[in-house]
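All remarks here apply to the structure that follows.
What follows draws every value from the coordinates through simple rules; no lab data is involved. Note that the structure is a prediction, hence the values are computed from the model and not measured. Every residue, glycine as well, gets a Cβ built from its backbone with ideal geometry; the counts of neighbours run over all protein chains shown.
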Amino acid sequence: MRKKIVAGNWKLNNNQQETTALISALKAKGSFTGVEVKVAPTSIHLAQAVAELNDSAIEVIGQNMHQATHGAFTGEISVGMLQSIGVNSVILGHSERRAYFNETDEALAQKVSTAVDHDMEVVFCFGEELEDRKADNHFAVVEGQLRKALFGLNPTDWKYIVLAYEPVWAIGTGETASPEQAQEMHAFIRNLVAEAFGAAIAENVAILYGGSVKPANAQEIFSKPDVDGGLIGGAALNADDFFAIVHSI
Ligand code: 13P
């Protein structure tokens, strides 16, 4: 059976003290079963988070990573740097990185390739804009994003891949895809992976939904057969809300 995952993307939130406070609150929530729980603090707090969550089942993951392993890339973070502090999973391709930091499909293909070559798990984000959905172009956009960044992988690389469908129009807007819209897209994605890499890989890959997931809507979204969990933004900044979402899986 494929994994269930709930991951919190903290984005550009929480200073050092707030990071410690949120981690303490998460640890106080106690245990969970049948689901992998991950949190992605900002990069300068990753080492601290790894240390503070050392005795917990919550995994710390990165929000981004550069495609080069080293060199003259001021301000960037490499796969080896992440792994040297105990971070073995990274979010790549978030729509905010695509929109505000010009991350292209080509650069993302390189980032994914670097990550999997170093045994790094990738939580790969993709999703259409509102205009794409209104123009009924959402399947083509998602297919293009997946093909360009992931379809050059070797079949064996897929054990490192977690997919996160995040329709841009649902991120931080309070508007979620309906459970039916999420299921329809997730089934489409799984089918694409099956066509390209075979049924076994498609059955095993976890496909998360992201975009205004809250305690009030998580259970219904997670109940869909091809939705294997969530990538949570705003609601991940509150331990009560985040754990309500974790438990609703
Ligand atoms: P929200 O849950 O705040 O909509 O953010 C989703 C997201 O972008 C997670 O990566």
**Message:** So for each of 220-233, 151-164, 25-38 I average, over its residues, the number of other beta carbons within 10 Å; can you give me the resulting order with the highest mean first?
**Reply:** 220-233, 151-164, 25-38
**the chain: relative contact order in percent, alpha carbon pairs under 8 Å with at least 6 residues between** = 22
**Asked** Taking +1 at the Cβ of each Lys and Arg and -1 at the Cβ of each Asp and Glu, which of 123, 107, 95 sits farthest along the dipole of region 74-216 towards its positive end, judged by Cα position relative to the Cα centre?
**Response** 123
**Fill in**
The simple spin-label model distance between residue 203 and residue 139, using points 7 Å out along Cα→Cβ, in nm, is 2.4
**Kirkwood Rh, angstrom, the chain [1 / mean 1/r, Cα pairs]** = 18.0
**Request:** Distance between Cα centroids, region 21-49 to region 139-192: provide it in whole Å.
**Result:** 25
**Summed side-chain charge close to residue 37 - residues other than residue 37 whose Cβ falls under 12 Å, Lys, Arg +1, Asp, Glu -1** = +3
**Cut-off 13 Å between beta-carbons: net charge of the residues surrounding residue 62, Lys and Arg +1, Asp and Glu -1** = +1
**Request:** Let me know the charge dipole size of region 1-133 about its Cα centre in debye, to the nearest 20, where only the beta-carbon of Lys, Arg (+1) and Asp, Glu (-1) is charged.
**Result:** 480
**Item:** Size of electric dipole in the chain: Cβ of Lys, Arg +1 and of Asp, Glu -1, about Cα centre, debye, nearest 20
**Value:** 380
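Once the piece of chain linking residue 33 and residue 100 is laid out straight, how much longer is it, given 0.36 nm per residue of separation minus the C-alpha distance between them? Walk me through the numbers before you get to the answer.
Working: separation 67, 0.36 × 67 = 24.12 nm, distance 3.65 nm.
Between residue 33 and residue 100, full extension yields an extra 20.5 nm.
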